[in-house]
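Read the structure below first, then the notes.
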Amino acid sequence: MSIQASLLGKEAVIFDMDGVIIDTEKIWKQAEREVFSALGVEVTLENSRVTESMTTSEVAHFWFERFPWKGTILRETEQQVIRRVSELIECEDCLIPGVKDFLEDLRSQKFKIGLATNSPLVIIPTVLERLQITHLFDTVSSAETEEKGKPHPAVYLTTAKKLNVAPANCLVIEDSYSGMLAAKNAGMAVVAFTNGDTELSFEIADYHISSYC
């Protein structure tokens with residue numbers, strides 16, 4: 001099914017951020033490993049997979065519960081991770097081909113465009129400026145302003161409200177199961193973005209695309 005077919009009857013397209021408009025999985029893992037290892041945490045590959053879908057606050061609590069450290073409060077630890085991620089976004093090769101052209105095409109078709117992410121609000125401008133796409137979004141939302149992050153639907157419902165579009169008329173582009181579950185629970189149609197990974201398959205999604213090109 002083509003992306004154009006999935007847009008039929010929709011008024012707005014809402015994007016996840018990490019892994020959907022920018023390839024930051026390795027960046028988050030690097031920042032997580034650097035910051036928490038320095039505090040004596042044994043950051044294992046298995047556990048870092050568990051933290052992939054968490055907010056930064058949830059990640060800090062996750063590691064603190066397993067490896068309590070002294071001298072640095074959780075909030076400061078979260079900020080250290082966020083600062084390191086922002087630094088890496090500005091200098092690492094993390095672009096996803098075709099994103100800007102795809103967004104511009106949506107704008108030309110008069111779709112409203114939103115962003116709904118589990119990442120902290122402060123990182124959003126860094127990403128949008130790096131990609132030079134700030135002007136293409138009507139609104140942005142972070143789950144850090146909600147009581148719960150994805151897979152809870154709150155951040156998607158908030159974004160739809162900001163766009164003044166009914167959830168049923170929104171199409172969400174996601175790359176993770178928890179994000180797709182959040183969008184589905186919000187009553188929205190979901191496109192799974194696999195970024196060329198032919199081994200990924202999300203039955204929960206209504207549509208699938210491998211690239212924006």
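Values computed for the structure shown
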| read-out | value |
| --- | --- |
| Cα-based reach from K112 at 18 Å (exclusive), listing lysines while leaving out same-chain residues under 8 positions away | K10, K100, K161, K162 |
| Candidate aspartates and glutamates - alpha carbon under 15 Å from K26, same-chain residues fewer than 8 apart omitted | D18, E34, E46, E52, E87, E90, E92, D93, D175 |
| The stretch 87-152 shape via C-alpha gyration tensor axes, a/c threshold 1.5 | oblate |
| Loop-located GluC sites (Glu not before Pro) in the stretch 134-179 whose Cβ has at most 11 other Cβ within 10 Å (DSSP) | E147 |
| Cα centre as origin, Lys/Arg/Asp/Glu Cβ charges: the stretch 25-91 dipole, Debye | 120 |
| Cross-link partners of K29 among lysines (Cα-Cα below 24 Å; sequence separation of 8 or more within a chain) | K70, K148, K150 |
| The chain, relative contact order [Cα under 8 Å, separation at least 6], % | 27 |
| Rounded tilt (10° steps) of 74-91 against the dominant C-alpha axis of the chain | 60 |
| Cα gyration tensor category, rounded, prolate or oblate, for the stretch 25-91 with a/c compared to 1.5 | oblate |
| The stretch 25-91 - percent relative contact order, Cα under 8 Å, separation 6 or more | 43 |
| Beta bridges by DSSP in the chain, antiparallel share as percent, to the nearest 5 | 5 |
| Angle in degrees between helix 99-108 and the longest Cα principal axis of the chain, rounded to the nearest 10 | 40 |
| Proxy reagent accessibility, fewest Cβ within 10 Å first, across M188, M180 | M180, M188 |
| Formal net charge of residues neighbouring Y177 (Cβ-Cβ distance under 13 Å; K, R +1; D, E -1) | -2 |
| Ranked S178, S210, S201, criterion: other C-beta atoms within 10 Å, fewest first | S201, S210, S178 |
| The stretch 128-213: relative contact order as a whole-number percent, Cα under 8 Å and 6+ apart | 21 |
| Principal-axis tilt of helix 154-163 within the chain, Cα atoms, nearest 10 degrees | 40 |
| Identified option (computed Cα extents along the principal axes in Å; candidates (i) 55, 45, 26; (ii) 55, 40, 33; (iii) 54, 33, 32) | (iii) |
| Residues H152, H61 arranged by fewest to most Cβ contacts within 10 Å | H61, H152 |
| Total charge dipole magnitude, the chain, about the Cα centre, Cβ charges on Lys, Arg, Asp, Glu only, Debye to nearest 20 | 560 |
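A short reminder: the numbers here are calculations on the coordinates, not readings from a lab. Keep in mind the model is a prediction, meaning the values are calculated, not measured. A quick note on method: Cβ atoms are made from the backbone with ideal geometry, for glycine too, and the neighbour counts reach across all protein chains shown.
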